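A quick write-up on the structure given underneath.
Here, each number is a calculation from the coordinates, and none is a lab measurement. Being a predicted model, the structure only gives us computed values, none of them experimental. Reconstructed Cβ throughout: ideal geometry from the backbone, glycine too, with neighbour counts over all protein chains shown.
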């Protein structure tokens, strides 16, 4: 696929494309999927390669695939909390290494597909732990959980490949729920906070502060990495803009939709202010708006619908799982995005096969090339 | 498929079939699937077509497909409660229109496949709401929920088509549970009643009144539309007889089996008297007895087994979901019917492909024609 | 398949195999899958055939397939409790007979595939019942539940055959949970014990007795049949050794791993002492270590990983289902083993197709023959 794209690029250059296309091509070097890096890395040392695979994995969490964005996100996580940053690093590396040892598909490993689930598991284990930072014993479940993600990823992919569906963050969602169920709040070794479901009544019926709620929108993007601080969240958003401005816009839009949905269901205020009500909407919106489907106004409307579905489903699942004291994580967005990918009808026509998904801008670019090629074809045959 | 049937009919006429066949053909004009209506409707206005699609959708709830039956059922619902009737109308229309806008398969839309889930969601939202009738804000979730059904129907059909399974009421069951979880009993905007699980102890240990329990059997058919009044329930049963007497008989049989199962598990009396214990049995019995399988004594026995399985599974799921205050809806019957359709062995031999399912009488009729044709074939080759 | 094996054996004999091979062949007559018995039984009476099918079904519970082992296990169950032995017998026979009546695949029935789920359902219904031994009414749900297992087995097999996955004990796990949910602890007809989840706090914080914990390891093998006495558990282990020493070693190893996992999560002591913490680990370890994969050091490591996953998942599911008072049964091991069978990568290379799974020793033996044949081929072509 990558060599094809290269050839396409050359052809575009040869056919004296407009200046716009040239600028776009130059920008694609540091933004987008940075696929040219893969060729450059082939003869480098394993440690360097592993670092790039890991950084790609870090960005897979927010549906991106760009090592520079990954470095920015790691910086944001270390800025928010060095302990969380460490956990994320360990999780990504352990799960990527496990995938190498288990003989998983090399293209998948180098694309970072085996890093993001492990990273999320590690981050969430750290966030929910009530043992405080630098509780070194936590590295035991972190390593075990991250390694298990590879098992689930590999097993689920055999299942979902039949419908050309991505495994996405299903492994993370399964592992973190099993871990929290396994330990429970009163566990002597790995205690964790009891989760407050979104539908819990506010202890004191205060009015909603509009400014706090607006602050929740960018925080929703940070909450994808379980990060609740404003600065790092904005840095994560910046990393997303580097990969794809269109994706970043959809992330903010989805987070706003999620906050709106939370408001309409009268969830407790903390849920709105911390961005927890937004991150599922953001993920649901990003998946449909440009990533797995070529961007168009129709796709955009579906992306908004997907954001609403994700957000409401998150409240519902949050209330359900809250009865046993566990969080809904990103179940809602993962299930909704999977549903959108299975849709028949007009959305399916814009579907990009899972193996060819790249940055939304690239998808649009390829499509405009196809369209141009088709017009040239028709003219030459005329 | 429909034109083929037409040709078959003509052939039957030409070959001077017995008087019984002729009468059956005439009856098939107003009973059964009324497929001749589709041809007649082709050049009519969109509103009229939408009405027929909607009425077909209404009958899909009870596994029928006949616009006249649909009109009778709508009359029954408006009779029982005008507000519920309105909600049902809105739900059916919104989900059918959403399917049109989303570019779903035209044959599916015109067959009413996109109306019944939306209708059920709307009816159940109305029944569970504790805000009283004519609470106009309820139309918001009703419209949103009905539209979402189309997403789920479309997505699940991609999944289930691999096993030639119908999507059935899975979308309704998922949406209504998510809605009830989302709002919860204490929601300030959309409060709902807390559900009493079937296994709850009766507050006062009174004896069972046999007459009330017998009344529960026809009420079980009405409960498929969340209707608990005797008159409308009988009218719904009448609408079912119009479509297919065999299906109606299985509905009553299944409801009786469900009541029996409820009795054997000592569910609380209200559950038996209101028909809630019967409707899953009725649905499970109807699906197997004549609809998805050609009717025979063997199929009939499987239908009774399916009714028992549905009824017991309903009590189990009702107790499980009752712990978080939500109802089991028709999960049990839907899962059981899906299981029966996946069975291998002697039942599978009588399976009718999902795309060719029609009224049980028609299925029998086609089969007898096939058998006759086979005999003629053998004679001519001899 | 069996006739092929026969021919292979003959060829091995003809080519003057080493003494080791001959001894192995002789041993294979009373150990392993005893497939030669099937030919011998063909012209025997139905009752005798049914007995052999049932005994094969009994051993399928512990992933074995040997009528002699089955007889030993039945003896162990009657020794532990005659009532439990009777329930197990009834369950196996009822579900095997239901499969015959329902026209299930003959090879499946004669291989005991329709006996083990029914047996487990019956045994567990007996164990959880708080009505005491010899409560004859219990035979009603036992018969109904065992018969239902065939429906689930047949339906699920249509689903899982697409991925070449065994149905395993999914039917048992579903039925027993539905039964316990259906009845509930306060049911007047079929009361049952309330289950204590593994994560429940010990009432008095006593220290762990190491000897008791070691005793839990062999008890874990017995707990696969819901048997908590030491003598019968050892007899069951003996039956497993008769079928395959390698499988028995993995059972003990897995049970030890499960106990270790339980210890690391601080489950309550009773859970460790009775072997309840071990049996999921044992099942998970056996499935991977030699049965569904050819045995090698790599497979062995995966088997240990599978044991850990099963054991931790069991604690998690036990805590989850414990909130509604029901046990996790063998959900954890069944799900984990299914996951392992779906894995891609280096483990998948050692996968044996589901239809050709036999005793681990036989799998190894066939493989060494294949290897020998390949070498001969290369020499002859050279």
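List of remarks:
- Relative exposure of C:33, C:164, judged by other C-beta atoms within 10 Å (fewest first): C:164, C:33
- Rounded to the nearest 10 degrees, the inclination of helix C:210-223 to the longest alpha-carbon principal axis of chain C is 70 degrees.
- The residue C:214 and residue B:162 beta-carbon pair, evaluated with R₀ = 56 Å, returns a calculated FRET efficiency of approximately 0.70.
- FRET efficiency estimate (nearest 0.05) - Cβ-Cβ, residue B:207 to residue C:38, R0 51 angstrom: 0.35
- Plainly put, the tip 7 Å out from Cα toward Cβ on residue A:75 is 7.4, 7.4 nm from that tip on each other copy, the closest given first.
- Cα convex hull of chain A - mean projected area over all directions, nm²: 20.3
- Measuring r between the beta carbons of residue C:297 and residue A:346 and using R0 = 56 Å, the FRET efficiency lands at 0.55.
- Shape call, region B:78-182: gyration tensor on alpha carbons, a/c limit 1.5: prolate
- Degrees, to the nearest 10: B:67-80 long Cα axis against longest axis of chain B: 20
- Overall form of region C:215-313 per C-alpha gyration tensor (a/c, 1.5; a/b vs b/c): oblate
- Region A:215-233 and region B:276-300 have Cα centres lying 53 Å from one another.
- Label 7 Å beyond Cα on the Cβ vector: residue B:210 copy-to-copy distances, nm: 6.9, 6.9
- Global geometry of the protein assembly as shown, whether rounded, prolate or oblate, following the gyration tensor of its Cα atoms and the 1.5 cut on a/c: rounded
- Sum of -39500 (n - 2.57) over DSSP H runs of 4+, divided by residues of chain C (222 nm, nearest 500): -21500 deg cm²/dmol
- Folded to 0 to 90 degrees: helix B:297-322 orientation relative to chain B principal axis, Cα: 20
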